[in-house]
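First the structure, in the form of structure tokens, and then the observations on it.
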Amino acid sequence: SEVLIEVKNLKKYFKAGRKATVKAVDDISFNIKRGETLGLVGESGCGKTTCGKTVLGLYGATGGEVIFDGINVHTLKSKEKKEFRKRAQIIFQDPYSSLNPRMTVEDIIGEGIDIHDLYRGKDRKEKIFELLETVGLNKEHASRFPHEFSGGQRQRIGIARALAIEPEFIVCDEPISALDVSIQAQVVNLLVELQKEKKLTYLFIAHDLSMVKYISDRVGVMYLGHLVELAESEELYKNPLHPYTTALLSSIPIPDPEQERKKTRIPIEGEIPSPINPPPGCKFAPRCKMAREICKEKMPELVEIKKGHFVACHLL
Ligand code: SF4
């Protein structure tokens, strides 16, 4: 079918101390089509990374389910789990800590190849060289260690590692946040090229809305464990409806000076409330300029306002 991943009412709660519970992901539903990039954005602490890891089954779910090509990710037996692992991979945010400093690049990239027994001996070596070329490195790099590379190069190694087992789906967990601005576009371009070439499906997690716009077909906006808006990328940027999305967008610098002058900036005020004791009602209410009485009492549901554009806000 057209849909590769269905996330239904997904919840991931963590225990915090003896009594408190952190609702990192609280009743989130969306799907991702084959070959699509779904962007997931929000400030740090909104639960986007936890959501990505729970979708991949790296975290067990507290509730709800994730269906990947008809398979329930959270009820897999170990053999099926290994099979699923081969189809779904992750690229981590931090290219410094996500690579084992004691392993050579060849061993880092080769690890998945060995686990799934895809290539051996000479073929394995050739495959690794080919992967290095694919990500813009070369075979001279194979025998080196992670510390010998720049941040951008390390992220390329991380991408080669994810690609080594030829997955269909990759969770890109803030893959460029830790990189210099000058390098970010290069890594994003590489991910876009690879997607076209290998028909990959991405869940692209970021807090940088401008980058997400460039890479995503659709974008979901998360706030304190909830999805507050979901729409096609262009639609979301042209016609943001949730007050939080509007505020997030207003902090994007717009190069057109005419636009810049016209734009009224809505700074987001107030601290993000702790997900340990979230307020009842709309989670954004303590920071929302439009909040009314009902917002503090009742949690707004995600509703399709127009075709493909979903918003959770009492104003709409
Ligand atoms: Fe603001 Fe109320 Fe909408 Fe929440 S539901 S975003 S508080 S207007």
Condition met for Lys196 (charged (D, E, K, R) and closer than 30 Å to Glu106 by Cβ): yes
Scan of the range 288-316 for residues that are assigned to a helix (DSSP H, G or I) and either surrounded by 19 or more Cβ atoms within 10 Å (Cβ to Cβ) or out of contact with any helix residue (DSSP H, G or I) (no Cβ under 8 Å at 6 or more places or on another chain) (or both), ordered by number: Glu293, Ile294, Cys295, Glu297
Residue list for the range 168-177, restricted to those being in contact (Cβ under 8 Å) with a residue 60 or more places away in the chain and either surrounded by 19 or more Cβ atoms within 10 Å (Cβ to Cβ) or assigned to a helix (DSSP H, G or I) (or both): Phe169, Ile170, Val171, Cys172, Asp173, Glu174, Pro175
Test: Glu43 is of a type outside the set (Phe, Trp, Tyr) and not in a helix (DSSP H, G or I): yes
Every pair of residues 6+ apart whose Cβ atoms lie under 8 Å, when the first sits in the range 183-196 and is within 12 Å of Ile159 (Cα to Cα) while the second is surrounded by 18 or more Cβ atoms within 10 Å (Cβ to Cβ) and of a type in the set (Lys, Arg): Val187/Arg156; Leu190/Arg156
From the options Gln186, Gln155, residue that is surrounded by 19 or more Cβ atoms within 10 Å (Cβ to Cβ), polar (S, T, N, Q) and under 23 Å from the mean Cα position of the chain (by Cα): Gln155
Asp27 on the phi > 0 side of the Ramachandran plot and not in a helix (DSSP H, G or I): yes
Among residues of the range 306-316, those that are modelled with pLDDT of 95 or more and within 8 Å of the ligand (Cβ to nearest atom), counted: 3
Pair list, Cβ under 7 Å, 6 or more apart: the range 281-305 residue near the ligand (Cβ under 10 Å from one of its atoms), other residue of a type in the set (Asp, Glu) and at pLDDT below 95: Gly281/Glu297; Arg287/Glu269
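The values are calculated or read from the model by the stated rules, or taken from the named source; none is laboratory data. No experiment lies behind these values; they were computed from the predicted model shown. Note: ideal-geometry Cβ built from the backbone for every residue, glycine included; neighbour counts use all protein chains shown.
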